[in-house]
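Undergrad: Here's a structure for you.
The values are calculated or read from the model by the stated rules, or taken from the named source; none is laboratory data. Source: prediction; values computed, not measured. Because the Cβ atoms are built from the backbone with ideal geometry, glycine has one as well, and the counts that use them run over all protein chains shown.
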Amino acid sequence: MADYNKPIPSPDPYVTQPFWDGAKEGKLMLPRCTSCNRVHWYPRILCPHCHSSSIEWFEASGEGFIHTYAVQNRAFGGWADETPYATAYIDLVEGDRMFTALRGVDAENPESIKIGARVKIEFDQADEDTYVPYWRVVD
Ligand SMILES: [Zn+2]
């Protein structure tokens with residue numbers, strides 16, 4: 001935790017707090033609209049599909065698949081130490097997509113990264129109360 005050198009997110013008590021509470025326990029919490037039953041990411045106070053304000057949070061599987069990726073060769077701040085690294089959009093099993101820094105891949109050999117590869121979420125402790133999500137290729 002002491003060596004976490006990247007920006008640390010600030011939870012919004014009205015919109016994103018359930019996500020960060022789950023992250024602290026190693027759980028992926030996602031918002032779902034109770035009117036149209038669709039999952040959406042990122043968290044919002046209104047459903048982006050039907051504009052309902054009836055949003056519930058549920059514990060998701062923490063599993064997904066690489067939708068697409070890019071290799072970052074330049075970065076700033078704490079990310080500069082990690083170049084090259086891969087970023088990706090993850091197709092969440094429950095629906096919608098999440099952006100991430102991808103783990104378990106060889107970013108110096110981008111052809112080895114496979115669209116559709118199975119990934120699981122993991123969390124790094126960034127400070128006393130904040131756990132930041134990353135996705136790791138598992139096969
Ligand atoms: Zn909806």
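Undergrad: Could you please tell me which pairs satisfy a Cβ distance under 9 Å, a separation of 6+ or placement on different chains, a first residue in segment 103-122 that is more than 18 Å from GLU82 (Cα to Cα) and surrounded by 12 or more Cβ atoms within 10 Å (Cβ to Cβ), and a second residue that is aromatic (Phe, Trp, Tyr) and modelled with pLDDT of 95 or more?
TA: Every condition considered, the pairs that remain are ALA117/PHE65; ARG118/PHE65; VAL119/PHE65; VAL119/TRP135; LYS120/TRP135; ILE121/TYR134; ILE121/TRP135.
Undergrad: While we're looking at this one, here's another question. Taking the criterion of being at pLDDT 95 or above, exposed (fewer than 14 other Cβ atoms within 10 Å of the Cβ) and either of a type in the set (A, V, I, L, M, F, W, C) or more than 18 Å from ASN5 (Cβ to Cβ) (or both), would at least one residue in segment 73-96 satisfy it?
TA: Yes.
Undergrad: GLY22: touching an Asp or Glu at 6+ places or on another chain (Cβ under 8 Å), surrounded by 15 or more Cβ atoms within 10 Å (Cβ to Cβ), not β-branched (Val, Ile, Thr) and not in a strand (DSSP E or B), yes or no?
TA: Yes.
Undergrad: Scan segment 44-73 for residues that are closer than 11 Å to PRO31 by Cβ and either acidic (Asp, Glu) or in contact with a Cys (Cβ under 7 Å, 6 or more places away or on another chain) (or both) and jot them down. Before the answer, list the steps.
TA: Just the residues of segment 44-73 that are closer than 11 Å to PRO31 by Cβ, to begin with: 44-48, 54-58, 60.
CYS47, SER54, ILE55, GLU56, listed by residue number.
Undergrad: Of the residues ARG44, ARG32, which is among the basic types (Lys, Arg), within 16 Å of the ligand (Cβ to nearest atom) and in a strand (DSSP E or B)? Quick ask: steps written out before the conclusion?
TA: Working: ARG44 fails: in a strand (DSSP E or B).
Selected residue: ARG32, the only one of ARG44, ARG32 that is among the basic types (Lys, Arg), within 16 Å of the ligand (Cβ to nearest atom) and in a strand (DSSP E or B).
Undergrad: Another question about this same structure. Check segment 84-106 and report whether any residue there is among the acidic types (Asp, Glu) and either part of a helix (DSSP H, G or I) or within 16 Å of the ligand (Cβ to nearest atom) (or both). Talk me through it step by step, then tell me what you get.
TA: Of all residues in segment 84-106, those among the acidic types (Asp, Glu) come to 91, 94, 96, 106.
Checking which are either part of a helix (DSSP H, G or I) or within 16 Å of the ligand (Cβ to nearest atom) (or both) leaves us with 94, 96.
So far as segment 84-106 goes, yes, one or more of its residues are among the acidic types (Asp, Glu) and either part of a helix (DSSP H, G or I) or within 16 Å of the ligand (Cβ to nearest atom) (or both).
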